[in-house]
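Enquirer: I'd like to ask you about the structure that follows.
The values are calculated or read from the model by the stated rules, or taken from the named source; none is laboratory data. Nothing here was measured: the structure is a model prediction, and the numbers come from that model. As a convention, Cβ positions derive from the backbone with ideal geometry for all residues, glycine included, and neighbour counts pool all protein chains shown. Only protein heavy atoms, including side chains, enter the accessible area calculation; ligands, DNA and RNA are left aside. Shrake-Rupley method; radii C 1.70, N 1.55, O 1.52, S 1.80 Å.
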Amino acid sequence: MNYSNSQSLYERALQIIPGGVNSPVRACKSVGADPLFIDRADGCLIYDADGNRFIDYIGSWGPMILGHRHPAVVEAIIAVLGRGTSFGAPTDLEIQLAEMVIDAVASVDVIRMVNSGTEATMSAVRLARGVSGRDLVIKFDGCYHGHADTLLVAAGSGVATLGIPGSPGVPEDVAKHTLSLPFNDIEAVQRVMDEKGDQVACVIIEPVAGNMGLVPPAAGFLESLREVTERYGVILIFDEVMTGFRVAYGGAQTLYGIAPDLTCFGKIIGGGLPVGAYGGKKEIMSQIAPQGSVYQAGTLSGNPIAMIAGIATLEQLKKEGVYESLAEKSSRLAAGLAEAARKSGIAARVDHVGSMLGMFFTERDVTNFEEAKTSDLQRFSAFYQGMRQAGIYLAPSQFEVLFLSAAHTDEHIDATINAAQQVLENLSR
Ligand code: KE4
């Protein structure tokens with residue numbers, strides 16, 4: 001494949017944008033590749049600046065569950081453009097999107113729109129601290145909740161030691177209020193709660209982890225987490241920025257039958273436009289300004305173009321059979337990838353929850369971040385590069401997932417499986 005246009009664009013970008021990209025993972029550093037600059041996309045296909053065509057499994061990191069440029073979404077955006085692009089004032093559209101999310105997610109009575117997943121989780125944590133008067137936040141290793149200081153915290157040396165800054169610029173004084181525990185380890189949560197439960201404002205978790213590769217919750221883990229947080233009066237926050245409207249119309253909480261106190265949304269509810277949201281029980285959400293005293297604000301929150309893109313997307317997702325079809329296609333793809341690895345004699349673990357798929361090159365189960373890190377990262381990089389060469393656009397990191405869309409057809413899935421077979425056979429030689 002010829003990448004010369006991407007290369008020259010990348011050289012220009014590197015002069016004036018840090019790392020040549022506006023979000024680190026796009027730089028493809030962890031897989032030893034350079035980024036493709038994208039020209040356009042349609043359905044499940046994406047085309048780079050050199051006209052190369054790829055079957056897209058990034059889908060803008062989750063939002064494009066209908067596929068790119070779904071006609072209903074494009075038409076809705078064009079229609080609203082006739083009203084203007086931004087008012088900094090409420091419109092009917094933000095009420096409509098709020099009503100749709102509340103209707104879909106039983107644990108959410110009241111919701112606030114923001115502009116990114118980071119804003120959603122940052123605000124939800126501030127709200128939990130504000131209403132509880134407590135400072136401690138518990139998160140889980142390998143779960144990513146955006147780049148707010150409080151959540152850019154790595155696990156301390158011991159399981160229950162206070163967090164250490166996950167990035168330069170995060171003060172120790174901030175990191176020390178966050179504890180990061182192993183995902184799926186309810187005993188670790190229990191120990192911390194027994195010791196410090198009365199200091200914990202909230203526990204925040206990706207109910208299905210998608211930022212360490214795909215790691216589903218162990219049987220009973222979420223139920224136990226709900227029980228122990230309830231027991232200590234700790235607010236349970238589900239970060240459903242990725243899983244919301246992805247793994248089910250009502251998100252992971254509907255799939256697993258758990259009612260968190262607060263939920264964070266993003267990605268799909270914006271239909272590809274910048275939207276985040278956080279919501280939950282009325283008695284908690286009523287503490288947010290201007291109704292309450294916990295402050296949070298945003299110039300473009302509830303932007304009408306972003307709202308209509310989300311509304312149009314959720315209207316399509318509400319239709320009969322959408323999630324069944326996504327799950328069926330995902331299970332076919334997962335089985336095909338697993339079979340391709342088996343035929344090539346390469347150890348791999350392939351799994352999916354709805355249309356979120358994960359593939360680790362390892363023969364062991366992966367139930368947490370430590371185990372995910374033991375998978376063969378070099379092999380993943382080679383697989384990524386081979387698949388990109390074959391016209392398959394995967395996330396450039398072992399610690400991301402594949403997203404399948406309603407626009408992927410059987411032939412796209414077959415082409416992907418065939419490409420994987422070829423690439424893995426070459427790798428096994
Ligand atoms: P944003 O601020 O990027 O909109 O959302 C942050 C966020 C919060 N919570 C979860 C569970 C998330 O997955 C994310 C962002 N996801 C990454 C990909 N795994 C976005 C890609 C990127 O950082 O460029």
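Enquirer: Might you let me know whether region 16-23 holds any residue that is away from the ligand (no atom under 16 Å from the Cβ) and more than 23 Å from the chain's Cα centre (by Cα)? Before the answer, list the steps.
Expert: In the first step, residues of region 16-23 are kept if they are away from the ligand (no atom under 16 Å from the Cβ); the result is 16.
Right, trim to more than 23 Å from the chain's Cα centre (by Cα) and you get 16.
Yes, some residue in region 16-23 is away from the ligand (no atom under 16 Å from the Cβ) and more than 23 Å from the chain's Cα centre (by Cα).
Enquirer: Can you name every residue in region 354-403 that is charged (D, E, K, R), in contact with a Leu (Cβ under 9 Å, 6 or more places away or on another chain) and outside any loop (DSSP other than H, G, I, E, B)? Explain how you work it out, then say what you get.
Expert: Residues of region 354-403 charged (D, E, K, R): 363-365, 370-371, 373, 376, 379, 388, 400.
Those left that are additionally in contact with a Leu (Cβ under 9 Å, 6 or more places away or on another chain): 379, 388, 400.
Scanning region 354-403 gives R379, R388.
Enquirer: From the list I17, I78, exactly one residue is outside the structural domain of A406 (by TED's automatic domain parsing) and hydrophobic (A, V, I, L, M, F, W, C). Which is it?
Expert: Details: I17 fails: outside the structural domain of A406 (by TED's automatic domain parsing).
None of the other options fit; the residue is I78.
Enquirer: Could you list all residues from region 241-261 that are among the charged types (D, E, K, R) and either away from the ligand (no atom under 11 Å from the Cβ) or closer than 13 Å to P217 by Cβ (or both)?
Expert: At the first step, the residues of region 241-261 found to be among the charged types (D, E, K, R) are 246, 261.
Residue satisfying the conditions is D261 alone.
Enquirer: When you scan region 383-396, do you find a residue that is within 16 Å of the ligand (Cβ to nearest atom), in the same structural domain as D48 (by TED's automatic domain parsing) and more than 18 Å from the chain's Cα centre (by Cα), even just one? It would help to see each step written out before you state the result.
Expert: Going through region 383-396, the residues within 16 Å of the ligand (Cβ to nearest atom) turn out to be 384, 393-396.
Filter once more, keeping what is in the same structural domain as D48 (by TED's automatic domain parsing): 384, 393-396.
Next, from what is left, pick out any that are more than 18 Å from the chain's Cα centre (by Cα): 384.
Yes; the residues of region 383-396 include at least one that is within 16 Å of the ligand (Cβ to nearest atom), in the same structural domain as D48 (by TED's automatic domain parsing) and more than 18 Å from the chain's Cα centre (by Cα).
Enquirer: Is it the case that region 278-299 has a residue that's within 13 Å of the ligand (Cβ to nearest atom) and among the charged types (D, E, K, R)? Steps first, please.
Expert: Within region 278-299, the subset within 13 Å of the ligand (Cβ to nearest atom) is 278, 298.
Then drop every residue that is not among the charged types (D, E, K, R), which leaves none.
No, there is no match, as no residue in region 278-299 is within 13 Å of the ligand (Cβ to nearest atom) and among the charged types (D, E, K, R).
Enquirer: In region 307-328, is there at least one residue being among the small types (G, A, S), in contact (Cβ under 8 Å) with a residue 12 or more places away in the chain, open to solvent by less than 20 Å² (accessible area, probe 1.4 Å) and within 30 Å of G130 (Cβ to Cβ)? Walk me through it before giving the result.
Expert: First, the residues of region 307-328 that are among the small types (G, A, S): 309-310, 312, 321, 325, 327.
So of that shortlist, the ones also in contact (Cβ under 8 Å) with a residue 12 or more places away in the chain come out as 309-310, 312, 325, 327.
Remaining after also requiring open to solvent by less than 20 Å² (accessible area, probe 1.4 Å): 309-310, 312.
Cutting the leftovers down to within 30 Å of G130 (Cβ to Cβ) gives us 310.
Scanning region 307-328 turns up at least one residue that is among the small types (G, A, S), in contact (Cβ under 8 Å) with a residue 12 or more places away in the chain, open to solvent by less than 20 Å² (accessible area, probe 1.4 Å) and within 30 Å of G130 (Cβ to Cβ).
Enquirer: When the residues of region 269-298 are narrowed to those that are in a helix (DSSP H, G or I) and open to solvent by 60 Å² or more (accessible area, probe 1.4 Å), which ends up farthest from A104 (Cα to Cα)? Give the steps one after another, and end with the answer.
Expert: Of the residues in region 269-298, the ones in a helix (DSSP H, G or I) are 269-270, 282-285.
Those still in the list that are open to solvent by 60 Å² or more (accessible area, probe 1.4 Å) too: 282-283.
Working: K282: 16, E283: 19 Å.
Going through the qualifying residues, I end up with E283.
Enquirer: Something else: Answer yes or no as to whether G67 is within 26 Å of M359 (Cα to Cα) and within 16 Å of the ligand (Cβ to nearest atom). Give the derivation first.
Expert: On the way: within 26 Å of M359 (Cα to Cα): yes; within 16 Å of the ligand (Cβ to nearest atom): no.
So G67 fails the test.
Enquirer: Among the residues of region 112-140, what is the count of those that are within 16 Å of the ligand (Cβ to nearest atom) and surrounded by fewer than 21 Cβ atoms within 10 Å (Cβ to Cβ)?
Expert: Here the count works out to 3.
Enquirer: Give me the pairs, please: first residue somewhere in region 132-144 and in contact (Cβ under 8 Å) with a residue 12 or more places away in the chain and in the same structural domain as M285 (by TED's automatic domain parsing), second residue anywhere and of a type in the set (F, W, Y) and within 11 Å of the ligand (Cβ to nearest atom), beta-carbon distance under 8 Å, and either six or more positions apart or on two chains.
Expert: Close Cβ pairs (under 8 Å, with a partner that is of a type in the set (F, W, Y) and within 11 Å of the ligand (Cβ to nearest atom)) amount to G142/F399.
Enquirer: Considering only region 366-409, state which residues are in contact with a Phe, Trp or Tyr (Cβ under 6 Å, 6 or more places away or on another chain), among the aromatic types (F, W, Y) and over 28 Å from Y323 (Cα atoms).
Expert: F380, the sole residue that qualifies.
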